[in-house]
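K.L.:
Have a look at the structure that comes next, please.
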Amino acid sequence: MRDFIAHGEVVPMRAARAVAALGRTALKPLLHALCTSADTRIQRWSLEALGLIGGEPALAAIRKATRDPAMSVRLHAIEALRHMNDRAGARELVRLLAYESGGIRGRAALALGELGNARCVPALVRALKDDKWYVRQQAAAALGQLRAKSARAALTRALNDPRKAVQKAAAEALASIGNKARPSR
């Protein structure tokens, strides 16, 4: 796992992907590194590899990492859930839309959009009412990625959001599903 500590982020990313290519045989050392290392870089790249490998032991460790005190570890846990690209990962991302940190909620919204899972639309529509403008913006962007026609009414309401960034994201989302709309002035 010391190979994960390298210059910049490119080398660790490649190392994480190489370890993930080993498949389930890499689970035990990755889980050990994640649980025992105090180095957040090792934790982050272990999460990256676990997300690529997938499976229940990986999901359990990733869930636990979403509650880590280090924000960078929590954000990498979200990325790992996105890499898993399965229902269990999507359910965990939906759960994170209610997390105490707006940054985590926003990143979870974006990850849900990237997953392309239409079952997440109701949770993203609820996120359009979040108290943090950037979460609302990212939820609107995610709904646009999903081309969620069922979110048309909520996105239309978001055109009147007090924040221009949310209005713009809502207009772009509506355009992606075939509605031409403009943010309010």
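Values quoted throughout were computed directly from the atomic coordinates according to the rules given, and no laboratory measurement underlies them. This is a predicted model, so every value here is computed, not measured. Positions of Cβ are backbone-derived with ideal geometry, glycine not excepted, and every protein chain shown enters the neighbour counts.
K.L.:
Just need the relative contact order of segment 1-84 here, percent rounded to a whole number, with Cα pairs under 8 Å and 6+ apart. List each step's numbers first, then the result.
P.N.:
Values: 110 pairs, mean separation 22.7, N = 84.
Over segment 1-84, the number comes to 27 percent.
K.L.:
Sorted by average packing, counted as other Cβ atoms within 10 angstrom per residue and highest first, what order do 49-56, 151-158 take? The partial results should precede the final answer.
P.N.:
Numbers: 49-56: 21.2, 151-158: 19.2.
Listed from highest to lowest mean packing, they are 49-56, 151-158.
K.L.:
Further, regarding this structure: Starting from segment 98-150, pick out the trypsin sites (Lys or Arg not before Pro) whose DSSP state is loop and whose Cβ has at most 15 other Cβ atoms within 10 Å. Numbers along the way, then the final one.
P.N.:
Numbers: sites: 105, 107, 119, 126, 129, 132, 136, 147, 149; in loops: 129, 132, 147.
Taking segment 98-150 and a limit of 15 other Cβ atoms within 10 Å, the loop trypsin sites (Lys or Arg not before Pro) found are 129, 132, 147.
K.L.:
Mind pulling the angle between the C-alpha long axis of helix 40-53 and the longest principal axis of the chain? Nearest 10 degrees, somewhere in 0 to 90.
P.N.:
With both axes taken from Cα atoms, the answer is about 80 degrees.
K.L.:
Follow-up. For a quick check, take a GNM of the chain with Cα springs below 10 Å and name the residue from 171, 38, 21 with the largest mean-square fluctuation.
P.N.:
Comparing 171, 38, 21 in the GNM, the peak value goes to 38.
K.L.:
Here is a follow-up. I'd like the GluC sites (Glu not before Pro) in segment 89-178 restricted to DSSP loop residues with at most 11 other Cβ atoms within 10 Å, sorted by number.
P.N.:
In loop regions of segment 89-178 (DSSP not H, G, I, E or B), the sparsely surrounded GluC sites (Glu not before Pro) are 100.
K.L.:
Over all distinct Cα pairs, what is the inverse of the mean 1/r for the chain, reported as the Kirkwood hydrodynamic radius in Å? Show your work: numbers first, answer last.
P.N.:
Details: mean 1/r = 0.0590 Å⁻¹.
The answer is 16.9 Å.
K.L.:
Any chance you could give the angle, 0 to 90 degrees and rounded to 10, that helix 133-146 forms with the longest Cα principal axis of the chain?
P.N.:
90 degrees
K.L.:
Let me ask something else. Using Cα positions and a limit of under 30 Å, work out the lysines in reach of residue 64, with same-chain residues fewer than 8 apart set aside.
P.N.:
Here the lysines satisfying the reach criterion relative to residue 64 are 28, 129, 132.
K.L.:
Determine the calculated [θ] at 222 nm for the chain from helices alone, applying -39500 (n - 2.57) to every DSSP H run no shorter than 4 residues and normalising by the residue count; nearest 500 deg cm²/dmol. Display every interim value, and only then the final one.
P.N.:
Numbers: 11 runs with 124 residues, N = 185.
That comes out to -20500 deg cm²/dmol.
K.L.:
To the nearest 10 degrees, how steeply does helix 27-36 sit against the main Cα axis of the chain, on a 0 to 90 scale?
P.N.:
Helix 27-36 sits at roughly 80 degrees to that axis.
K.L.:
Label segment 1-84 by shape, choosing from rounded, prolate and oblate, from the square roots a ≥ b ≥ c of the eigenvalues of the Cα gyration tensor; if a/c is under 1.5 it is rounded, and otherwise prolate applies when a/b is larger than b/c, oblate when it is not. Provide the component values of the computation, followed by the final result.
P.N.:
Values: a/c = 1.38, a/b = 1.04, b/c = 1.32.
Taking the square roots of the gyration eigenvalues as a ≥ b ≥ c, segment 1-84 is rounded.
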